[in-house]
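Trainee: For reference, the structure I am asking about is given below.
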Amino acid sequence: MGRIISIIAAGLLLVGIESAAQNVPYPSSAQGGFYTHNYYFGPAPSSTPCAPAWSPDGSKIAVAMSGSIWIVDPSSGGARELTYSRKYHSMPAWSPDGRWIVYVADDGGGTIQLEIVEVETGKSRPLTSDNQIYMDPAFSPDGRRLAYVSTKSNGNFNVFVRALKDGQFVGDEIAVTRDNDFGRDRLYFGPMDMHIAPTWMSDGKELLLVSNRNVPLGSGNVLRMPATANGIDQATTVLAEQTLFRTRPHVSLDGKRFVYSSTRGAADQFNNLYVQPTTGGEPYKLTFFRHDAFHPRWSPDGEWIAFISNEEGLPQLQLLETYGGALRKVHITERRWKRPMTAVSVRTVDAATGRPTAARIHLTASDGKMYAPEDAYARVTGEGDRIFHQGGTFRVEVPVGPVTIEAVKGFEYTPVKTTVQALAGKVVQIDLKLQRLTDLSARGWYNGSTHVHMNYAGNLHNTPANLMMMSAAEDQDMVNTQVANKDNRILDYDHFIPGGKPHPISTPDRLLVVGQEYRPAFYGHVFMFQLHDHLISPFTTGYEGTAIESLYPSNTDMLRKAKAQGATVGYVHAFGSKDPLSTNLGGAKGYIVDAALGTTDALEWSYPGMGTFYPWYATLNNGLRVTAVGGEDSISSMHISKLVGSTRTYVHTGGRGLDADAWFEGLRKGHAFVSTGPLVDLTVNGRMPGEDVRLPAVGGEVSVEARVQSITPLDSVTLVWNGEVVEKIPLSADRRSAQLSKNLKVARSGWYHLRAEGKRNERYPLDAEFAQAFTNPVWVTVGDQPVRNAAAAAYCLRWIDKLQQMAEAWPGWRSQREKEHVFAQFDEARAVYRKFRDEATVGGVE
């Protein structure tokens, strides 16, 4: 194992590859990361209304839409574009005199600045210009001050107040809150406190805001405090509940109560609207939706509440009658743009059939921005590309001038791109013909990500039908979505179907399977597919401040319960770019234990990288057959997320076609390869990954056949034997394919697998930091000799020792009995690796 680790560390397997750390937008934001960007920041590309703000006279509503601020007439649905620039505008706040609107301007993932527009003239100017993040502008009742959130100067979210006059800041800002260390790392939120979403009390002397000060889980409580320097020191809690950014309180005109959005902790998987006294008290539920309602804002007279609803999937503007309960949907009936616009009508066509086919669209207009159809969910990929999915035909309004449109459809079609002139007054018709690179399903290989979430509290209320469309656009055969918890909430549990069979919406060409992600913060998250009877509960362990804080039950316990129901299970988004043993054991701490005990079937790559190879090779080198799988952890209801199928698993179903039982059976047997783009094929003596080649005790020669194809250029293709590179396979002239046919001598038992990687700067249009694919092992057994490696066994023993040290220090154990139960499982795994170590040596020599 020491030899193997040194080879990986030297980079022989990853020539030219950069670290697999995830793409990190908004670098000045030190808090919250992915969830902050989705639940808190405004959606940069949005084809429908977001973030409503009433005009002072109550006749109009300002919203963010299509990257601009718009003025909507709620009685007619007519919308007029008020602002426009190459940035994406959101979070409008109207001044009490109606003259100004302050909003935030996102430059596309770098900074978010404050800008102000004069409503009558439409002239905008910046209020801030630096490298920070600004959010949540809110005018004081007299219009003379602005409250807002900023990351200056240490990247933490704090609330400031600053005077305004004639549309310009005057004087210095006042820090109402300040940096404060919770004292330990909080799940998803880190140690530093967050202060967000300020709203003024009616007297202009106090603020309500949301803060996780003294809160171990979630974005925090609603606090009331003076709007003065260090007002946080005099804060009182008026609402204490588990929240996730959606709260956004707004105080009524009389200052007596506030409206907000809530799931009431774990009570509801959806956000509904509530109202509560500003002095504290019992909340009253205003809506009872089976979808999300968020960003509520009182009308000036208090008779209506404007909010965003995703009842129909996409976010839309709605009004709730405060007294009476009437609901009014404000459909955008007309868009009056501020600049010349025209329409482009596009079909994406399968060149082989001539019929429209779903595809992903990358569109860049003449102003450098992305525009999406009114019925499409505009997205930002994990790598920062702006895209939308569509079913085969779409129409979109774009600025006059050149527009570049590219269609992408998974890994087996060659992307196609065109640039056309969008002319005023003329609808441009475009056909994009997608040519197949290959058809792996014709050879019995069917692909699907092992890690998809249909809904996870994002702006979109996703449906099985829409998820199937997204998956068709990405050319997925298996759509494996997972029920999961977010903190104490459970999302999509109502879509679970006992029996382990595909969802009824499945078609002969595409199967939807609803599984579960079990998400313990300590041991690591795992997938569970084809549970025959019920979802595993509780959905997690180790959550501070909850009744499930203990590390009992272990993952081993819960995996055994899932497998008793017939489930296929595996550790997900396991490790990063480094050897996990050199860090805190990464995101799948329990893997080494469960690999030894036979309680995990798989180990998942969620993005390309080398870190996961360390523990995987350590287990393979002692004959533990854990299947490598690909699943990107896409959250398709969020506007910033990795795309469905961006890391996927190809499984050979053994002549049974597209069949869920056959797919998961093939996965468990290792008849699979992992890919973020390249397509890899390996046989040894005609045997595929997961199968065995048997040789006599004296060894012999094997015939290796390898083939690689890719829609993006590659940098290296290597054949690996027991973790060591034995062949560097030459690439074709265009670096998009490679082949090997060679006989190799084998003297001891082991395994082969094939790997392919590309360069970071050549990954587009893949939603991955670089192209990577690799097969599962083809096993070669010489005589009756098992695959053993003493150094690999020692690596696993060191891992378990470190795991136990970390578990011993966990403060949430409920009893010594619980701890002894879990540690006995650790000892059981140790015994397995000690046996491997002993079998690998004779007289102390390997």
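Trainee: Kindly indicate the residue of region 762-803 that is acidic (Asp, Glu) and assigned to a loop (DSSP other than H, G, I, E, B) and also surrounded by the fewest Cβ atoms within 10 Å (Cβ to Cβ) among those meeting that condition.
Mentor: Filtering region 762-803 for residues acidic (Asp, Glu) gives 762, 767, 769, 784, 801.
Add one more test, that the residue is assigned to a loop (DSSP other than H, G, I, E, B), and what stays is 767, 769, 784.
Values: 767: 29, 769: 23, 784: 8.
Checking each candidate, the answer is 784.
Trainee: On to the next question. Here is a list of conditions, (1) at pLDDT below 95; (2) within 29 Å of residue 356 (Cα to Cα), and residue 452 meets all of them except one; can you say which number that is?
Mentor: Unmet for residue 452, out of (1) at pLDDT below 95; (2) within 29 Å of residue 356 (Cα to Cα): (1).
One line per residue, one yes/no per condition, for (1) part of a loop (DSSP other than H, G, I, E, B); (2) polar (S, T, N, Q); (3) under 15 Å from residue 59 (Cα atoms):
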| position | (1), (2), (3) |
| --- | --- |
| 296 | no, no, no |
| 301 | yes, no, yes |
| 306 | no, no, yes |
| 311 | yes, no, no |
| 318 | no, yes, yes |
| 335 | no, no, no |
| 339 | yes, no, no |
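Trainee: Would you call residue 701 open to solvent by 30 Å² or more (accessible area, probe 1.4 Å), farther than 21 Å from residue 626 by Cα, acidic (Asp, Glu) and touching a residue at least 12 places away in the same chain (Cβ under 8 Å)? Walk me through it before giving the result.
Mentor: On the way: open to solvent by 30 Å² or more (accessible area, probe 1.4 Å): yes; farther than 21 Å from residue 626 by Cα: yes; acidic (Asp, Glu): yes; touching a residue at least 12 places away in the same chain (Cβ under 8 Å): yes.
Against the criterion (open to solvent by 30 Å² or more (accessible area, probe 1.4 Å), farther than 21 Å from residue 626 by Cα, acidic (Asp, Glu) and touching a residue at least 12 places away in the same chain (Cβ under 8 Å)), residue 701 qualifies.
Trainee: Quick check on region 557-587: of everything there that is aliphatic (A, V, I, L, M) and touching a helix residue (DSSP H, G or I) at 6+ places or on another chain (Cβ under 8 Å), which residue is most open to solvent (accessible area, probe 1.4 Å)?
Mentor: As a first pass, look at region 557-587 and keep what is aliphatic (A, V, I, L, M): 558-559, 562, 564, 567, 569, 572, 574, 581, 585.
Filter again for touching a helix residue (DSSP H, G or I) at 6+ places or on another chain (Cβ under 8 Å), leaving 559, 569, 574, 581, 585.
On the way: 559: 2, 569: 0, 574: 2, 581: 28, 585: 0 Å².
Taking the candidates together, the pick is 581.
Trainee: If you don't mind, there's one more thing I want to ask. Taking region 743-761 as the search range and keeping residues that are over 33 Å from the mean Cα position of the chain (by Cα) and within 25 Å of residue 625 (Cβ to Cβ), which one is surrounded by the fewest Cβ atoms within 10 Å (Cβ to Cβ)? Can you show your working first?
Mentor: First, the residues of region 743-761 that are over 33 Å from the mean Cα position of the chain (by Cα): 743-751.
Cutting the leftovers down to within 25 Å of residue 625 (Cβ to Cβ) gives us 744-751.
On the way: 744: 15, 745: 8, 746: 18, 747: 11, 748: 15, 749: 20, 750: 23, 751: 25.
By that ranking, first place goes to 745.
Trainee: Suppose we keep only residues that are of a type in the set (Lys, Arg) and in contact (Cβ under 8 Å) with a residue 40 or more places away in the chain within region 186-225. Which one would you say is least open to solvent (accessible area, probe 1.4 Å)? Before you say what the answer is, go through the steps one by one.
Mentor: Our first condition is that a residue be of a type in the set (Lys, Arg); within region 186-225, this holds for 186, 205, 213, 224.
Adding the requirement that they be in contact (Cβ under 8 Å) with a residue 40 or more places away in the chain leaves 186, 224.
Details: 186: 6, 224: 49 Å².
Here the residue is 186.
Trainee: Would you mind stating whether residue 272 is under 24 Å from the mean Cα position of the chain (by Cα), within 23 Å of residue 460 (Cβ to Cβ), polar (S, T, N, Q) and surrounded by 15 or more Cβ atoms within 10 Å (Cβ to Cβ)?
Mentor: Working: under 24 Å from the mean Cα position of the chain (by Cα): yes; within 23 Å of residue 460 (Cβ to Cβ): yes; polar (S, T, N, Q): yes; surrounded by 15 or more Cβ atoms within 10 Å (Cβ to Cβ): yes.
When the stated conditions are applied, residue 272 passes them.
Trainee: Give region 365-395 a look and list any residue that's among the charged types (D, E, K, R) and open to solvent by 30 Å² or more (accessible area, probe 1.4 Å), or say none. Break it down stepwise before answering.
Mentor: Residues of region 365-395 that are among the charged types (D, E, K, R), as a first pass: 367, 369, 374-375, 379, 383, 385-386, 395.
Hits for region 365-395 are 374, 375, 386, 395.
Trainee: What's the total number of residues in region 704-727 that are more than 36 Å from the chain's Cα centre (by Cα) and buried (at least 18 other Cβ atoms within 10 Å of the Cβ)?
Mentor: 1
Trainee: Could you identify the single residue in 263, 228 that is within 23 Å of residue 486 (Cβ to Cβ), among the β-branched types (Val, Ile, Thr) and touching a residue at least 40 places away in the same chain (Cβ under 8 Å)?
Mentor: Working: 228 fails: within 23 Å of residue 486 (Cβ to Cβ).
The unique qualifying residue is 263.
Trainee: Do you know which of the residues in region 264-294 that are in contact with a strand residue (DSSP E or B) (Cβ under 6 Å, 6 or more places away or on another chain) and modelled with pLDDT under 95 is farthest from residue 58 (Cα to Cα)?
Mentor: 266
Trainee: Those residues that are within 18 Å of residue 369 (Cβ to Cβ) and among the β-branched types (Val, Ile, Thr), I need them from region 388-417; list them, please.
Mentor: Across region 388-417, the qualifying residues are 396, 398, 400, 403, 404, 405.
Trainee: Can I ask one more? Residues of region 530-545 being among the hydroxyl-bearing types (Ser, Thr, Tyr) and buried (at least 18 other Cβ atoms within 10 Å of the Cβ), which ones?
Mentor: Here is the first cut: in region 530-545, the residues among the hydroxyl-bearing types (Ser, Thr, Tyr) are 537, 540-541, 543.
Result: 540, 541, 543.
Trainee: Could you tell me which residue of region 233-260 is nearest to residue 284 (Cα to Cα), considering only residues that are hydroxyl-bearing (Ser, Thr, Tyr) and surrounded by 22 or more Cβ atoms within 10 Å (Cβ to Cβ)? Talk me through it step by step, then tell me what you get.
Mentor: Of all residues in region 233-260, those hydroxyl-bearing (Ser, Thr, Tyr) come to 236-237, 243, 247, 252, 260.
When the remaining residues are screened for being surrounded by 22 or more Cβ atoms within 10 Å (Cβ to Cβ), the result is 243, 247, 260.
Working: 243: 17, 247: 14, 260: 10 Å.
This residue is 260.
Trainee: Could you say whether any residue in region 150-164 is farther than 26 Å from residue 89 by Cβ and either part of a loop (DSSP other than H, G, I, E, B) or open to solvent by 50 Å² or more (accessible area, probe 1.4 Å) (or both)? Reasoning before the result, please.
Mentor: Initially, region 150-164 is screened for residues farther than 26 Å from residue 89 by Cβ, giving 154.
From what's left, either part of a loop (DSSP other than H, G, I, E, B) or open to solvent by 50 Å² or more (accessible area, probe 1.4 Å) (or both): 154.
There is at least one residue in region 150-164 that is farther than 26 Å from residue 89 by Cβ and either part of a loop (DSSP other than H, G, I, E, B) or open to solvent by 50 Å² or more (accessible area, probe 1.4 Å) (or both).
Trainee: Which number in (1) under 27 Å from residue 335 (Cα atoms); (2) touching a helix residue (DSSP H, G or I) at 6+ places or on another chain (Cβ under 7 Å); (3) surrounded by 20 or more Cβ atoms within 10 Å (Cβ to Cβ) marks the one condition that residue 409 misses?
Mentor: For residue 409, the exception is condition (1).
Trainee: Could you check, for region 684-692, whether at least one of its residues is out of contact with any Cys (no Cβ under 9 Å at 6 or more places or on another chain), among the polar types (S, T, N, Q) and open to solvent by 10 Å² or more (accessible area, probe 1.4 Å)? Spell out the reasoning first.
Mentor: Here is the first cut: in region 684-692, the residues out of contact with any Cys (no Cβ under 9 Å at 6 or more places or on another chain) are 684-692.
This time we only want the ones that are among the polar types (S, T, N, Q), so: 685.
Within this subset, residues satisfying the condition of being open to solvent by 10 Å² or more (accessible area, probe 1.4 Å) are 685.
Checked region 684-692: at least one residue is out of contact with any Cys (no Cβ under 9 Å at 6 or more places or on another chain), among the polar types (S, T, N, Q) and open to solvent by 10 Å² or more (accessible area, probe 1.4 Å).
Trainee: Starting from residues that are assigned to a helix (DSSP H, G or I) and open to solvent by less than 40 Å² (accessible area, probe 1.4 Å), keep the ones in region 805-821 and report whichever is nearest to residue 521 (Cα to Cα).
Mentor: Kept after step one, since they are assigned to a helix (DSSP H, G or I), are these residues of region 805-821: 805-808, 816-821.
So of that shortlist, the ones also open to solvent by less than 40 Å² (accessible area, probe 1.4 Å) come out as 807, 818-819.
Working: 807: 12, 818: 17, 819: 17 Å.
Within region 805-821, the match that is nearest to residue 521 (Cα to Cα) is 807.
Trainee: Count, please, the residues in region 174-206 that happen to be in contact with a Phe, Trp or Tyr (Cβ under 6 Å, 6 or more places away or on another chain), assigned to a strand (DSSP E or B) and within 21 Å of residue 486 (Cβ to Cβ).
Mentor: Of the residues in that region, 1 qualify.
Yes/no per residue for (1) of a type in the set (Gly, Ala, Ser); (2) under 33 Å from the mean Cα position of the chain (by Cα):
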site: 764; (1), (2): no, yes
site: 767; (1), (2): no, yes
site: 770; (1), (2): no, yes
site: 777; (1), (2): no, yes
site: 783; (1), (2): yes, no
site: 786; (1), (2): no, no
site: 791; (1), (2): yes, no
site: 798; (1), (2): no, yes
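Trainee: List, please: which pairs have Cβ atoms under 7 Å, are six or more places apart or on different chains, and start with a residue in region 575-597 that is at positive phi and end with one that is aromatic (Phe, Trp, Tyr)?
Mentor: 585/799; 586/575
Trainee: Same structure, new question: Which condition breaks for residue 328 when tested against (1) without any contact (Cβ under 8 Å) to a residue 60 or more places away in the chain; (2) surrounded by fewer than 21 Cβ atoms within 10 Å (Cβ to Cβ); (3) not in a loop (DSSP other than H, G, I, E, B)?
Mentor: (1)
Trainee: Scan region 530-573 residue by residue and report those that are over 26 Å from residue 478 (Cα atoms) and over 24 Å from the mean Cα position of the chain (by Cα).
Mentor: 545, 546, 547, 548, 549, 550, 551, 552, 553, 554, 556, 557
Trainee: Being within 29 Å of residue 736 (Cβ to Cβ) and at pLDDT 95 or above is true for just one of 624, 667. Which residue is that?
Mentor: It is 667.
Trainee: Related question: What is the number of the single condition among (1) open to solvent by 10 Å² or more (accessible area, probe 1.4 Å); (2) under 30 Å from residue 441 (Cα atoms) that residue 527 does not meet?
Mentor: (1)
The values are calculated or read from the model by the stated rules, or taken from the named source; none is laboratory data. All figures in this text were calculated on a predicted structure; none of them were measured in a lab. A quick note on method: Cβ atoms are made from the backbone with ideal geometry, for glycine too, and the neighbour counts reach across all protein chains shown. The protein model used for the area step is the full one, side chains on, heavy atoms only, and it has no ligands, DNA or RNA in it. Shrake-Rupley method; radii C 1.70, N 1.55, O 1.52, S 1.80 Å.
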